[in-house]
Amino acid sequence: MKKSILFFIALTFGFCLESFAQGVSLPNINIGMQSLDKPEDIVSSIKILLMITVLTLAPAILIMMTGFTRIVIVLSFTRQAIGTQQMPPNQLLIGLALFLTFFVMQPHFSELNSKAVQPFLEGKINQEQAVDAALLPMRRFMFNQTRDSDLSLFLKLSKAEAPKTRADVATTVLIPAFIISELKTAFQIGFIIYLPFLVIDMVVASVLMAMGMMMLPPVVVSLPFKIMLFVLVDGWGLLVGSMIKSFG
């Protein structure tokens, strides 16, 4: 059931990408209420309701299995380090994080679409084969970004047999290990981003104390200098470039 849900999400995502790219018209779906007498019809209706429910969680699942977590946390750390409060606004940061995520994940999404979604839609492979093909690029990406220590932690917590190869690691174990690794990596990058701005705050605070201007908040004076430093060193270019290279 878990594999079917993941594949249904991947199928929906890949089909939407293909539809927008080639101008394919989407199918017309009608949802209504009717009395059912056959047990097979009842089971099918329950499956459809479960799939519709899962679709509401699809964005969260897709976000957790991609580089979105790392990117949005680093962008938030950058804003806090500069001290500009709500500039850039949250909507802009989320939008930038989404587009950067699509940029990073584009090769994996393309492979998923070409090897799993399209062959399944054309009837060349069955559902089980499509599920395995859809999980391969996503698992490969998550394995490349997951620390061995985090993977070992969740393997112990799951009380499962020690896997001999990566293929033996369950996806339900890999995903939380990947998320924890992404959080660690994002916080490490955030710490490095904070250092130069912290130095500016300390220098400004020391100068103000030496001048006897203790009533003037150092943040008010240091903010223009931090913005100027960030602009002069092409901060956005360095930040985005470093984040994308970190997924290599």
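What tally of residues in the range 65-84 results from selecting those that are over 21 Å from Thr146 (Cα atoms), among the polar types (S, T, N, Q) and buried (at least 19 other Cβ atoms within 10 Å of the Cβ)?
Summing the residues that are over 21 Å from Thr146 (Cα atoms), among the polar types (S, T, N, Q) and buried (at least 19 other Cβ atoms within 10 Å of the Cβ) in the range 65-84 gives 1.
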>> Which numbered condition in (1) in contact (Cβ under 8 Å) with a residue 12 or more places away in the chain; (2) open to solvent by 20 Å² or more (accessible area, probe 1.4 Å) is the only one that Gly123 fails?
In response: (1)
> When the range 197-245 is examined, which residues are found to be part of a helix (DSSP H, G or I), over 17 Å from Gln80 (Cα atoms), over 34 Å from the mean Cα position of the chain (by Cα) and not β-branched (Val, Ile, Thr)?
Replying inline: Ala205, Ser206, Leu208, Met209, Ala210
> Within the group Val233, Val204, which residue is open to solvent by less than 80 Å² (accessible area, probe 1.4 Å) and either under 28 Å from Val104 (Cα atoms) or touching a Phe, Trp or Tyr at 6+ places or on another chain (Cβ under 6 Å) (or both)?
Replying inline: Val233
>> Kindly evaluate Gly241 against the criterion of being among the small types (Gly, Ala, Ser) and open to solvent by less than 60 Å² (accessible area, probe 1.4 Å).
In response: yes
>> When you check Met142 against the structure, is it outside any helix (DSSP H, G or I) and either at pLDDT 80 or above or open to solvent by 80 Å² or more (accessible area, probe 1.4 Å) (or both), yes or no?
In response: no
> Considering only the range 96-115, how many residues are open to solvent by 20 Å² or more (accessible area, probe 1.4 Å) and small (Gly, Ala, Ser)?
Replying inline: 2
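Specify the residue that is surrounded by the fewest Cβ atoms within 10 Å (Cβ to Cβ); the eligible residues are those in the range 145-185 that are among the polar types (S, T, N, Q) and without any contact (Cβ under 8 Å) to a residue 60 or more places away in the chain.
Filtering the range 145-185 for residues among the polar types (S, T, N, Q) gives 145-146, 149, 152, 158, 165, 171-172, 181, 185.
Subset that is without any contact (Cβ under 8 Å) to a residue 60 or more places away in the chain: 146, 149, 152, 158, 165, 181.
Working: Thr146: 22, Ser149: 11, Ser152: 12, Ser158: 13, Thr165: 6, Ser181: 20.
Applying the filter and picking the extreme gives Thr165.
Looking at Ala167, is it in contact with a helix residue (DSSP H, G or I) (Cβ under 7 Å, 6 or more places away or on another chain) and part of a helix (DSSP H, G or I)? Outline the logic, then answer.
Numbers: in contact with a helix residue (DSSP H, G or I) (Cβ under 7 Å, 6 or more places away or on another chain): no; part of a helix (DSSP H, G or I): yes.
Spelling it out, it is not the case that Ala167 is in contact with a helix residue (DSSP H, G or I) (Cβ under 7 Å, 6 or more places away or on another chain) and part of a helix (DSSP H, G or I).
The values are calculated or read from the model by the stated rules, or taken from the named source; none is laboratory data. Just so it is clear, the model here is predicted, and its values are computed rather than measured. For neighbour counting, all protein chains shown are included, and Cβ atoms are generated from backbone atoms with ideal geometry for every residue, glycine included. We work out accessible area using only protein heavy atoms, side chains counted, and drop any ligands, DNA or RNA first. Shrake-Rupley method; radii C 1.70, N 1.55, O 1.52, S 1.80 Å.
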